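Bear in mind these aren't lab numbers, they're just calculated from the coordinates by the rules spelled out. All of these numbers come straight from a predicted model, not from anything done at the bench. Here the Cβ is made from the backbone with ideal geometry for all residues, glycine too, and neighbour counts use every protein chain on show.
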Ligand code: UDP
């Protein structure tokens with residue numbers, strides 16, 4: 001029996017595939033390679049190039065493979081883009097998940113772990129955020145992820161499927177081996193953008209807004225290492241395989257850093273001055289998002305290994321320095 005990883009050529013998906021294979025699991029990866037990279041897929045994983053909105057292709061896969069559970073990363077994930085192109089998010093994230101669930105129900109595959117996000121909360125009433133706190137997304141990305149959670153709930157009631165939604169805070173860092181890391185085109189995430197400066201790819205980093213109600217006026221986020229996120233997916237899948245009920249877990253370190261603090265840490269890690277310029281706010285950004293992950297620790301037994309931002313950024317820097325063009329040659 002194999003684990004199907006949808007979006008396994010993307011950033012968090014590829015790291016999860018590495019952890020699954022290290023743990024001796026059989027893995028099938030499916031990815032449309034629109035934002036993922038074939039070279040990011042572990043050589044021991046079986047690979048299908050398909051789009052989850054293509055039900056025929058999914059049906060063929062479920063007929064050909066014995067799948068015991070699905071880990072679903074195949075979605076669009078940029079806050080800014082979701083505000084300028086919301087229908088893309090409804091199509092990739094909601095329509096894609098709908099087609100996937102149709103195919104899973106038809107083929108009797110009834111366990112799924114999937115990427116949700118801290119953006120489901122919107123502007124939190126308090127931090128750290130608990131899973132039971134109010135969800136009122138301020139951007140379309142978070143809205144589609146919250147709707148994916150609700151879709152799973154209704155499908156669960158009707159068809160007995162069980163799910164775990166993992167609400168990630170800010171994923172960053174790279175595999176400690178240096179084999180894989182973060183690569184988006186265009187890049188929009190803070191840590192890789194900052195590291196483009198010492199890599200000679202840009203001359204400064206823009207700080208999106210300096211007038212938020214935070215200690216230095218810049219947004220606060222909870223940065224969590226991608227390998228720790230990957231481990232949480234395996235624990236969540238095993239929880240479902242052991243009969244665990246539907247559940248939602250936050251995944252973060254429980255410590256918030258401002259954009260300026262992240263830039264300062266990257267300056268210390270890289271030894272580069274990394275010039276920064278204040279720019280207008282980015283649409284849809286809440287002022288602060290910091291997780292309580294106590295529930296994942298208590299129920300899943302999750303123990304994040306990387307709780308230090310400098311170490312997390314060091315792993316990212318090792319990857320970007322050795323792969324200035326990501327997975328592209330040259
Ligand atoms: N950010 C920034 N400059 C950039 C990219 C991001 O100031 O070039 C800020 C962004 O406004 C947010 C934080 O960095 O407050 C993290 O953004 P990212 O896109 O990495 O993750 P998100 O929190 O949107 O999931």
*What FRET efficiency, computed as 1/(1 + (r/R0)^6) with R0 = 35 Å and r the Cβ-Cβ distance, is obtained for residue 179 and residue 308, rounded to the nearest 0.05?*
0.95
_Fluctuation leader among 122, 243, 209 - the chain, Gaussian network, Cα springs under 10 angstrom_ = 243
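Suppose a student asked you for the relative contact order of region 198-288, using Cα pairs under 8 Å spaced at least 6 residues apart; what percent would you report? If you can, show how the numbers build up before the last one.
Working: 99 pairs, mean separation 47.3, N = 91.
With pairs under 8 Å counted, the relative contact order is 52 percent.
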*Label the chain by shape, choosing from rounded, prolate and oblate, from the square roots a ≥ b ≥ c of the eigenvalues of the Cα gyration tensor; if a/c is under 1.5 it is rounded, and otherwise prolate applies when a/b is larger than b/c, oblate when it is not.*
prolate
*If one takes the longest principal axis of the Cα atoms in the chain, at what angle in degrees, from 0 to 90 and to the nearest 10, does the Cα axis of helix 226-241 lie?*
20 degrees
_Just to be sure I understand the model, the point goes 7 Å from the Cα along the line to the Cβ. What's the resulting residue 84 to residue 157 distance in nm?_
3.9 nm
*Using only Cα atoms, tell me the angle between helix 96-106 and the longest principal axis of the chain; keep it within 0 to 90° and round to the nearest 10.*
20 degrees
*Round to the nearest 10 and give me the degree value, 0 to 90, for the angle of helix 11-22's Cα axis relative to the longest principal axis of the chain.*
60 degrees
*Using a basic spin-label model with each label point 7 Å from the Cα along Cα→Cβ, how many nm lie between residue 255 and residue 66?*
4.5 nm
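Taking the Cβ of each residue in 317, 154 as the centre, tally the other Cβ atoms inside 10 Å and list the residues starting with the fewest. Before the final figure, lay out the partial values.
Details: 317 23, 154 10.
In order of increasing Cβ crowding within 10 Å: 154, 317.
So what is the relative contact order of the chain, in percent, for Cα pairs below 8 Å that sit 6 or more residues apart?
Normalised by residue count, the contact order of the chain is 20 percent.
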*Burial ordering of 305, 260, 111, fewest other beta-carbon atoms within 10 Å first*: 305, 260, 111
*What is the spread of the Cα atoms of region 93-202 along each of their three principal axes, largest first, in whole Å?*
53, 37, 24
_Of 56, 13, 200, the one that fluctuates the most in a GNM where the chain has Cα springs shorter than 10 Å_ = 200
*Quick one: divide the alpha-carbon radius of gyration of region 164-210 by 2.2 N^0.38 Å and tell me what you get.*
1.37
*What shape does region 18-111 have by the C-alpha gyration tensor, where a ≥ b ≥ c are the square roots of the eigenvalues, rounded means a/c under 1.5, and otherwise prolate means a/b greater than b/c and oblate the rest?*
oblate
_Simple spin-label estimate for residue 26 and residue 203 in nanometres, 7 Å along Cα-Cβ_ = 5.6 nm
*asked:* For a quick check, take a GNM of the chain with Cα springs below 10 Å and name the residue from 103, 116, 177 with the largest mean-square fluctuation.
replied: 177
*What list do you get for 156, 322, 77 if you sort them by fewest beta carbons within 10 Å?*
322, 156, 77
*What length, rounded to one decimal in nm, is gained on full extension from residue 105 through to residue 59, with 0.36 nm per residue of separation minus their alpha-carbon distance?*
15.5 nm
*For region 1-123, what's the relative contact order in percent, using C-alpha pairs closer than 8 Å and at least 6 residues apart?*
27 percent
